[in-house]
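Participant: Just dropping this structure here.
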Amino acid sequence: MILASTLTTNLAILVLAGFIGFVVISKVPNTLHTPLMSGTNAIHGIVLLGGLLIVGLSGNGTFNKIILVIAIAFGTINVVGGFLVTDRMLEMFKTKPKPPPGSGEDDGKGKSA
Amino acid sequence: MSAVPLATSFLQDQSFLDVLYIIAFGLFIQGLRGLSGPTTAVRGNRIAAVGMTIAVIATLLNVNEGNWGLIVLGVALGTAVGVPAARQVKMTAMPQMVALFNGVGGGAVFLIAWAEFRRDGSTYGSHTVNLGGPLGGLSAHVGGVSTYVAAFSVFAAIVGSVSFWGSNIAFGKLQEILPGRPISLGSAQQIVNLVLLILALAAGVDLVAGAHSELVFIGMLVCAALLGNAVVLPIGGADMPVVISMLNAFTGLSAAATGIALDNTALIVAGMIVGASGSILTNLMAVAMNRSIPSIIAGGFGGGGAVEGASGAGEHAGTVRSTSAADAAIQLAYANRVVIVPGYGMAVAQAQHAVHELTKALEKRQVEVSYAIHPVAGRMPGHMNVLLAEADVPYDQLKEMDDANPEFARTDVSLVIGANDVTNPAAKNTPSSPIYGMPILEVADSKSVIVIKRSMNPGFAGIENELYYDPKTTMLFGDAKSAVSEITAELANI
């Protein structure tokens, strides 16, 4: 019974996570969409865990081991590359707050003297 | 199974693992929230990376078998490829880099599903077998559960494979290894796609129902692979960002499915969040380009449309006025207000620094300069902002389309640098144009327009631009970087 409920629990988690995804993401401004895409891209590299879990089990034949090493390598590329590249992109935004005189809000640009 | 003695250690306690996973996905959510603002984004990304590190460590604590050599090998290989790629990629090549990283993620998903099938496929469709270790593979096997597990695993395999191959094609197109133009089978395309999809699904159903045949599994992977190719090949370069975003969402969903198959909460949550966010982003991009997602997937955009557009353009192939850097400099120097419209052409020419120099020179002359950024300028939403941020252009000079458009009417000179389709008035005036209805930057409203462009070749979408024939428009032909530098040099002489 407990085991059977695992599936429903997992489905509930799935649905809730979907809503969280919608809520969290819908607030991101246009300008950050590329880094966002890259950042979420890095997060789905979490499939790496699947590779780690299965390779950690007994009874993998040689071919399975090869497949899993490739899968782990792929997952690692996805995670490490994804986070690094996102970081590089975002660092460029970070250098930008050097015009503090211009203040955050620049409502309409019709303020020419 | 083995390593039972260690299972008593609290580090390997299932609840402890679950807590670590909960912390990990809490950090993912917090990290993504951080990504919602330019000032918190860097931290947000790092928070998510910390979450990932925790999830990986938690998982490694529970690896019981002595397969550490394989794990180290896989991680080392991945790091050796991923780190230099991420460090060295040019900002202009970012879209294809994302495509590639997304592709390998999808690749990992289908390989994992395959390995899983090779281990446990003989139990697919049966309802009583119990196997797997403490976390192991298919841990819930009572009642009909293993059927669901098999179904999610098969889903992950199909979607992962589609994502892997589709992303690779997207990479090839953006990297210009493959032609950007749509490659399709014409009207047969959709039937072929449908047949491939049905075949992949049929194989999947067969497996879930208990066909213990690896041949069927491989056949399913092959059909999914062909489908991934067949879906993306007919899509023109201009739609590629939408496709990458969609495939990003797909990979997320397939990761979530893997999570259900492996009963792994961290995978479910992280995968699903990516699936949801990727879907939103895909939709936003499609809206910005006035394209519907079904019609993008149905394929062939740019193919038929380009022919139509080209023949339409034949009519007004009227006069194009070209100008010189010196004339352009004079025009700009005596303007009160200049709006720069950057496009992908600026990025390829690496002209963003030169453009920033020009801006500074103009500002010294009391010219008011701002940048109008189309939502899909560059090749992905926000791509242009990244490129301009790289060149230290102040954030508050960048105007988004809705803010920029009303301002064109009181703009003296619009300087269009390597942008094309996003300024094309055909999107407003020509119902037969394939981009009709796409929101554009209304450059044609300004008093005069200078377009810097390499040649009269049509843009990424393959459509002629009426703007170039407008009497207000002058063309400055040349490489964006050298043209802009020349203008800056001429400014100094005025």
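Participant: Determine whether B:Thr128 is over 19 Å from B:Leu262 (Cβ atoms), modelled with pLDDT under 85, in a helix (DSSP H, G or I) and out of contact with any Lys or Arg (no Cβ under 6 Å at 6 or more places or on another chain). Steps first, answer last, please.
Facilitator: Working: over 19 Å from B:Leu262 (Cβ atoms): yes; modelled with pLDDT under 85: yes; in a helix (DSSP H, G or I): no; out of contact with any Lys or Arg (no Cβ under 6 Å at 6 or more places or on another chain): yes.
In short, no.
Participant: Can you say whether B:Ser455 is surrounded by 24 or more Cβ atoms within 10 Å (Cβ to Cβ), farther than 28 Å from A:Arg88 by Cβ and touching a Phe, Trp or Tyr at 6+ places or on another chain (Cβ under 7 Å), as far as the supplied structure shows? Quick ask: steps written out before the conclusion?
Facilitator: Numbers: surrounded by 24 or more Cβ atoms within 10 Å (Cβ to Cβ): no; farther than 28 Å from A:Arg88 by Cβ: yes; touching a Phe, Trp or Tyr at 6+ places or on another chain (Cβ under 7 Å): yes.
Against the criterion (surrounded by 24 or more Cβ atoms within 10 Å (Cβ to Cβ), farther than 28 Å from A:Arg88 by Cβ and touching a Phe, Trp or Tyr at 6+ places or on another chain (Cβ under 7 Å)), B:Ser455 does not qualify.
Participant: Among the listed residues B:Ile218, B:Ile244, identify the single one that is within 19 Å of the chain's Cα centre (by Cα) and within 14 Å of another protein chain (Cβ to nearest Cβ). Quick ask: steps written out before the conclusion?
Facilitator: Numbers: B:Ile218 fails: within 19 Å of the chain's Cα centre (by Cα).
Only one candidate qualifies: B:Ile244.
Participant: Are any residues in the range B:211-235 within 17 Å of B:Val149 (Cβ to Cβ) and surrounded by fewer than 16 Cβ atoms within 10 Å (Cβ to Cβ), and if so, which ones? Break it down stepwise before answering.
Facilitator: Filtering the range B:211-235 for residues within 17 Å of B:Val149 (Cβ to Cβ) gives B:211-212, B:217, B:220.
If the condition is that a residue be within 17 Å of B:Val149 (Cβ to Cβ) and surrounded by fewer than 16 Cβ atoms within 10 Å (Cβ to Cβ), then B:His212 is the only one that fits.
Participant: Inspect all residues belonging to the range A:54-63 and state whether any of them is at positive phi and either facing another protein chain (nearest Cβ under 7 Å) or buried (at least 20 other Cβ atoms within 10 Å of the Cβ) (or both).
Facilitator: Of the range A:54-63, the ones at positive phi are A:59.
Next, from what is left, pick out any that are either facing another protein chain (nearest Cβ under 7 Å) or buried (at least 20 other Cβ atoms within 10 Å of the Cβ) (or both): A:59.
For the range A:54-63, residues at positive phi and either facing another protein chain (nearest Cβ under 7 Å) or buried (at least 20 other Cβ atoms within 10 Å of the Cβ) (or both): present.
Participant: Can you tell me which residue among B:Leu415, B:Leu388 is in contact with a strand residue (DSSP E or B) (Cβ under 7 Å, 6 or more places away or on another chain), more than 14 Å from B:Ala444 (Cα to Cα) and of a type outside the set (Ser, Thr, Tyr)?
Facilitator: Working: B:Leu415 fails: more than 14 Å from B:Ala444 (Cα to Cα).
The unique qualifying residue is B:Leu388.
Participant: Is it the case, given these coordinates, that B:Ile191 is within 14 Å of chain A (Cβ to nearest Cβ) and either hydroxyl-bearing (Ser, Thr, Tyr) or surrounded by fewer than 24 Cβ atoms within 10 Å (Cβ to Cβ) (or both)? Outline the logic, then answer.
Facilitator: Details: within 14 Å of chain A (Cβ to nearest Cβ): no; either hydroxyl-bearing (Ser, Thr, Tyr) or surrounded by fewer than 24 Cβ atoms within 10 Å (Cβ to Cβ) (or both): yes.
Considered against the rule, which asks whether it is within 14 Å of chain A (Cβ to nearest Cβ) and either hydroxyl-bearing (Ser, Thr, Tyr) or surrounded by fewer than 24 Cβ atoms within 10 Å (Cβ to Cβ) (or both), B:Ile191 comes out as no.
Participant: Consider the range B:64-90. How many of its residues are at the interface with chain A (Cβ under 7 Å from one of its Cβ atoms) and either under 25 Å from B:Val376 (Cα atoms) or in a helix (DSSP H, G or I) (or both)?
Facilitator: 15
Participant: B:Thr53 - would you say it is in a helix (DSSP H, G or I), more than 7 Å from every other protein chain (Cβ to nearest Cβ) and among the hydroxyl-bearing types (Ser, Thr, Tyr)?
Facilitator: On the way: in a helix (DSSP H, G or I): yes; more than 7 Å from every other protein chain (Cβ to nearest Cβ): yes; among the hydroxyl-bearing types (Ser, Thr, Tyr): yes.
So B:Thr53 fits the description; yes.
Participant: I'd like to verify a number: residues in the range B:416-447 that are out of contact with any Leu (no Cβ under 7 Å at 6 or more places or on another chain) and buried (at least 17 other Cβ atoms within 10 Å of the Cβ), how many? Give the steps one after another, and end with the answer.
Facilitator: Our first condition is that a residue be out of contact with any Leu (no Cβ under 7 Å at 6 or more places or on another chain); within the range B:416-447, this holds for B:416-421, B:426-442, B:445-447.
Those left that are additionally buried (at least 17 other Cβ atoms within 10 Å of the Cβ): B:416-421, B:426-428, B:430, B:433-435, B:438-442, B:445-446.
Final tally of qualifying residues: 20.
Participant: Now for a separate question. I need the full set of residues from the range A:10-41 which are more than 7 Å from chain B (Cβ to nearest Cβ) and at pLDDT 90 or above, in order please.
Facilitator: Within the range A:10-41, A:Leu11, A:Ala12, A:Val15, A:Leu16, A:Phe19 qualify.
Participant: Next question, about the same structure. With the condition kept exactly as written, say whether any residue in the range B:33-41 is surrounded by fewer than 17 Cβ atoms within 10 Å (Cβ to Cβ) and assigned to a helix (DSSP H, G or I).
Facilitator: The answer is no, given that none of the residues of the range B:33-41 is surrounded by fewer than 17 Cβ atoms within 10 Å (Cβ to Cβ) and assigned to a helix (DSSP H, G or I).
Participant: With respect to B:Val355, is the statement that it is of a type in the set (A, V, I, L, M, F, W, C), outside any loop (DSSP other than H, G, I, E, B), on the phi < 0 side of the Ramachandran plot and within 11 Å of chain A (Cβ to nearest Cβ) true? So that I can check it myself, show each step before the final result.
Facilitator: Working: of a type in the set (A, V, I, L, M, F, W, C): yes; outside any loop (DSSP other than H, G, I, E, B): yes; on the phi < 0 side of the Ramachandran plot: yes; within 11 Å of chain A (Cβ to nearest Cβ): no.
No.
Participant: While we're here: Which count do you get for residues in the range B:259-289 that are at the interface with chain A (Cβ under 7 Å from one of its Cβ atoms) and of a type in the set (S, T, N, Q)?
Facilitator: Qualifying residue count, the range B:259-289: 3.
Participant: Further, regarding this structure: Which condition breaks for B:Met384 when tested against (1) in contact (Cβ under 8 Å) with a residue 60 or more places away in the chain; (2) part of a helix (DSSP H, G or I)?
Facilitator: (1)
Participant: Can you confirm whether the range B:395-413 contains a residue that is in a helix (DSSP H, G or I) and surrounded by 24 or more Cβ atoms within 10 Å (Cβ to Cβ)? If you could, list the steps in order and put the result at the bottom.
Facilitator: As a first pass, look at the range B:395-413 and keep what is in a helix (DSSP H, G or I): B:395-397, B:401-410.
Among the residues that remain, those that are also surrounded by 24 or more Cβ atoms within 10 Å (Cβ to Cβ) are: none.
For the range B:395-413, residues in a helix (DSSP H, G or I) and surrounded by 24 or more Cβ atoms within 10 Å (Cβ to Cβ): absent.
Participant: Going through the range B:40-50 one residue at a time, which ones are more than 18 Å from A:Val47 (Cβ to Cβ) and either facing chain A (nearest Cβ under 7 Å) or modelled with pLDDT of 90 or more (or both)? Give the derivation first.
Facilitator: Residues of the range B:40-50 more than 18 Å from A:Val47 (Cβ to Cβ): B:40-47, B:50.
Result: B:Ala41, B:Val42, B:Arg43, B:Gly44, B:Asn45, B:Arg46, B:Ile47, B:Val50.
Yes/no per residue for (1) at pLDDT below 90; (2) under 14 Å from B:Gly160 (Cβ atoms); (3) out of contact with any Pro (no Cβ under 6 Å at 6 or more places or on another chain):
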{"site": "B:Lys173", "(1), (2), (3)": "yes, no, yes"}
{"site": "B:Glu176", "(1), (2), (3)": "yes, no, yes"}
{"site": "B:Ser184", "(1), (2), (3)": "yes, no, no"}
{"site": "B:Met240", "(1), (2), (3)": "yes, no, yes"}
{"site": "B:Thr265", "(1), (2), (3)": "no, no, yes"}
{"site": "B:Ala276", "(1), (2), (3)": "no, no, yes"}
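Participant: Please work out which residue is nearest to B:Ser370 (Cα to Cα), limiting yourself to the range B:341-358 and to residues that are buried (at least 24 other Cβ atoms within 10 Å of the Cβ) and of a type in the set (Val, Ile, Thr).
Facilitator: So the residue we want is B:Val341.
The values are calculated or read from the model by the stated rules, or taken from the named source; none is laboratory data. Worth saying up front: this structure is predicted, and the values here are computed from it rather than measured. Neighbour counts run over all protein chains shown; Cβ positions are idealised from the backbone, glycine included.
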